[in-house]
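Here is the structure we will look at.
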Amino acid sequence: MKILVTGSAGHLGEALMRGLLDTAHEAVGIDILASPFTAHVGSIADRAFVARAMRGVDAVLHVATLHKPHVATHTKQAFVDTNVTGTLNLLEEAAAAQVGAFVFTSTTSSFGDAMAPPPGAPAVWVDEELKPIPKNIYGATKLAAEDLCGLFHREHGLPCIVLRTSRFFPERDDVKAARERYAPANAQVNELLNRRVDIADVFSAQLCAIERAAQVGFGRYIVSATSPFTRDELQALRDDLPAVVARHVPQYAAEYARRGWAMAPGIDRVYVNSKARDELGWRPRHDFASAIEALCAGADHQSALARQVGVKGYHATTFSEGPYPVA
């Protein structure tokens, strides 16, 4: 199978290209930036470039995007050009080429303000039934692109799968208070409880989506590490997270103490991946419990693929206030 990977110079694009090297598939990477994994340099906002790249393609893994870190440095029009027009160009050409599977990488950020409970309220159970309320141009354009995927399935029969992925980047947190309180690894292991996913599991979700696209037709799925929590713990997750975690993964406390790490006092949301596991046959391997097991054994909590891709950054500029400016 010939697979077109958009955004092949980025975090996830490189991970997909690296992962596909170990399969029988032929992977072709495109990006606006040159890289060892980019066969064709150009913009997905350029319809003619997209048409040339789509020749002979059997499946599309569309991950090229402007991200949340670009909200303060790029115009809203730039987000529309890349995230909406670029996706439209890819869908038009994929439909014309009768591509067998179109997998669009969206984001859990599209839920936006729907994930912000008021003070004292329980944490939010974030599954596919939650109605998104985008809070910035990033979320709004990703949600618009999701809807375009649904439209092309209905109008053209193009099998489209939307994967709403949670955090997988290894950069430091953009929130100053979080950077000051937690070491990067500490913060990211904490997030495996509710809002992070290892990039190797995102890769496996993409392969599952290709395999199930024709059967599903169109679907949206949350791709995040499997949380140990249940709905009846949502209030306790806001009030006393360490106590809840200790019930599920009791060995974490000693390992955290040995490393001088801290558990967050509470969380405001839980991403739920059960639909992706049930309907796509996805089997994520990395979660909070597996991370603690690895740390106790003196190993890295990240996958080998995550370590290979490493820290890439989002801007050529270094910002004194954090990894990227916050709008």
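Derivation of every value follows stated rules applied to the coordinates shown; laboratory data play no part. Predicted model only: the values in this text are computed from it and were never measured. Cβ atoms come from the backbone with ideal geometry, glycine included; neighbour counts cover every protein chain shown.
Tell me which label goes with the value of Cα extents along the principal axes in Å computed from the coordinates here: (i) 55, 40, 38; (ii) 55, 44, 44; (iii) 47, 44, 44. Identified label for the calculated read-out: (i).
Annotation for Arg283 and Lys176: the two label points, set 7 Å from Cα along the Cα-Cβ direction, are 4.7 nm apart. Label separation (Ala114 vs Ala294): 3.0 nm, computed from points 7 Å beyond Cα along the C-beta direction. Report summary: the helix-based calculation at 222 nm, which adds -39500 (n - 2.57) for every DSSP H run with n ≥ 4 and divides by the residues of the chain, gives -11000 deg cm²/dmol.
Taking the Cα of Ala24, stepping 7 Å toward and past its beta carbon, and measuring to each backbone N in the stretch 58-73: which are under 19 Å? Hits in the stretch 58-73 for Ala24 at 19 Å: 58-60. If the limit is 32 Å between Cα atoms, which of Lys142/Lys176; Lys2/Lys131; Lys68/Lys275 go over it? In this structure, Lys2/Lys131 lie more than 32 Å apart at Cα.
Measure nothing but the geometry: give the 0 to 90° angle between the long axis through the Cα atoms of 137-156 and the longest principal axis through the Cα atoms of the chain, rounded to 10°. Approximately 50 degrees, to the nearest 10. Judged by a Cβ-Cβ distance under 4.7 Å, the unpaired cysteines of the chain are Cys208, Cys296. For Ala27, the residues whose amide H sits under 5 Å from its own are Ile3, ignoring neighbours fewer than 5 places away on the same chain, with H placed 1.01 Å from N.
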